[in-house]
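Input: a single structure, listed below in structure tokens.
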Amino acid sequence: MSSAAPRAVVLVSGGLDSATTLAIAADAGFELYALSFDYGQRHRHELDAAKKVCQAFDAQHFVTFPLDLRVFGGSALTADIEVPKDRSDDDLEAGIPITYVPARNTVFLSLALAWAETLNAFDLFIGVNAVDYSGYPDCRPEFIESFEKMANLATKSGVEHSGTWKVHTPLISLTKAEIIKKGMELGVDYGLTHSCYDPLPDGTPCGHCDSCQLRAKGFAEAGFDDPALKS
């Protein structure tokens, strides 16, 4: 990649959405600075997946930030709380589930912003989605718009007008099936990704949590087999 390419910090969790977002940023010609978080989540399989996805897209800079949100708990992903399984479509669309990690995207984007400012990289990419999602308030367009405004108010570069911050959310209005189709077009190997909230010790997806259900629905509607489920 040319040294003249603009830099972007991309949040990469190891899941399907963030892998597609990374591919979109790469396709747009950005020099990729990938950021993952070891935040005390229930398992490390998604972190392993994040590393593989970044290698596949030749991200030149990959950082895993240690941040133990288990100190606060409050979520089935960071505390000893059972992960909900086999919820109905109505349940998935009702309220904010216990897998919501308090203020997670706010925290993650803030740290991405801090790193990006040191890089003179004014583009942040995050794979939030407001269509096929599990009711998380920090996946909505109004949150992203507010964060972008804050970034331009609360940084040295924003105040001095040396750059204008942009938070890219290329998946925000897409269905899971549309996300998968887009990723396939861009060469994403979804076999490298991991979405399950509560996998077996060897990383095998449970197939029953909200994330597994949304992923399965997306692949079915997109007309593809999920390569992560192949033996």
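Only strands (runs of 3 or more DSSP E) whose full extent lies in the stretch 1-89 are considered here, and the ones with at least 3 residues that are more than 21 Å from Asn129 (Cβ to Cβ) are 31-38, 61-66.
Taking first residues from the stretch 180-208 that are closer than 22 Å to Phe57 by Cβ and partners that are open to solvent by 50 Å² or more (accessible area, probe 1.4 Å) and hydroxyl-bearing (Ser, Thr, Tyr), no Cβ contact under 7 Å between residues at least 6 apart in sequence or on separate chains turns up. One residue is enough: does the stretch 137-149 have a residue meeting the conditions out of contact with any helix residue (DSSP H, G or I) (no Cβ under 8 Å at 6 or more places or on another chain), of a type in the set (A, V, I, L, M, F, W, C), open to solvent by 40 Å² or more (accessible area, probe 1.4 Å) and closer than 27 Å to Ala76 by Cβ? No, because not a single residue in the stretch 137-149 is out of contact with any helix residue (DSSP H, G or I) (no Cβ under 8 Å at 6 or more places or on another chain), of a type in the set (A, V, I, L, M, F, W, C), open to solvent by 40 Å² or more (accessible area, probe 1.4 Å) and closer than 27 Å to Ala76 by Cβ.
Yes/no matrix, rows are residues, columns are (1) out of contact with any Ser or Thr (no Cβ under 7 Å at 6 or more places or on another chain); (2) within 24 Å of Val9 (Cβ to Cβ):
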site	(1), (2)
Gly73	yes, no
Asp86	yes, no
Glu93	yes, no
Thr99	no, no
Arg104	yes, yes
Phe108	yes, yes
Leu111	yes, yes
Trp115	yes, yes
Ala121	yes, yes
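Given the structure, is Gly158 small (Gly, Ala, Ser) and open to solvent by less than 10 Å² (accessible area, probe 1.4 Å)? For Gly158, the condition - small (Gly, Ala, Ser) and open to solvent by less than 10 Å² (accessible area, probe 1.4 Å) - is met. Checking the stretch 40-50 against the condition returns no match, with no residue being open to solvent by 10 Å² or more (accessible area, probe 1.4 Å), acidic (Asp, Glu) and free of Cβ contacts under 8 Å to residues at least 40 places away in the same chain. Val63 passes every criterion in (1) touching a residue at least 24 places away in the same chain (Cβ under 8 Å); (2) among the aliphatic types (A, V, I, L, M); (3) open to solvent by 20 Å² or more (accessible area, probe 1.4 Å); (4) in contact with a Gly (Cβ under 8 Å, 6 or more places away or on another chain) apart from (4).
Each row is one residue, and each column tells you yes or no for (1) aromatic (Phe, Trp, Tyr); (2) open to solvent by less than 20 Å² (accessible area, probe 1.4 Å).
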{"residue": "Thr175", "(1), (2)": "no, no"}
{"residue": "Lys182", "(1), (2)": "no, no"}
{"residue": "Tyr190", "(1), (2)": "yes, yes"}
{"residue": "Cys196", "(1), (2)": "no, yes"}
{"residue": "Cys209", "(1), (2)": "no, yes"}
{"residue": "Gln213", "(1), (2)": "no, no"}
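State yes or no: is Ala103 open to solvent by 50 Å² or more (accessible area, probe 1.4 Å) and over 17 Å from Leu214 (Cβ atoms)? Judged against the criteria, Ala103 is not a match. Listed by position, the helices (runs of 4 or more DSSP H) inside the stretch 139-231 whose residues that are under 17 Å from the mean Cα position of the chain (by Cα) number at least 3 are 141-153, 176-185, 210-222. Scanning the stretch 75-94 turns up no residue that is on the phi > 0 side of the Ramachandran plot, small (Gly, Ala, Ser) and open to solvent by less than 80 Å² (accessible area, probe 1.4 Å). Does any residue of the stretch 8-28 turn out to be more than 23 Å from Ala177 (Cα to Cα) and open to solvent by 60 Å² or more (accessible area, probe 1.4 Å)? No, there is no match, as no residue in the stretch 8-28 is more than 23 Å from Ala177 (Cα to Cα) and open to solvent by 60 Å² or more (accessible area, probe 1.4 Å).
Selection of the stretch 90-112 for residues being part of a loop (DSSP other than H, G, I, E, B) and hydroxyl-bearing (Ser, Thr, Tyr) yields Thr99, Tyr100.
The values are calculated or read from the model by the stated rules, or taken from the named source; none is laboratory data. This one's a predicted model, so the numbers in the text were calculated from it and none came from an experiment. Reconstructed Cβ throughout: ideal geometry from the backbone, glycine too, with neighbour counts over all protein chains shown. Surface accessibility is based on the protein's heavy atoms, side chains included, excluding ligands, DNA and RNA. Shrake-Rupley method; radii C 1.70, N 1.55, O 1.52, S 1.80 Å.
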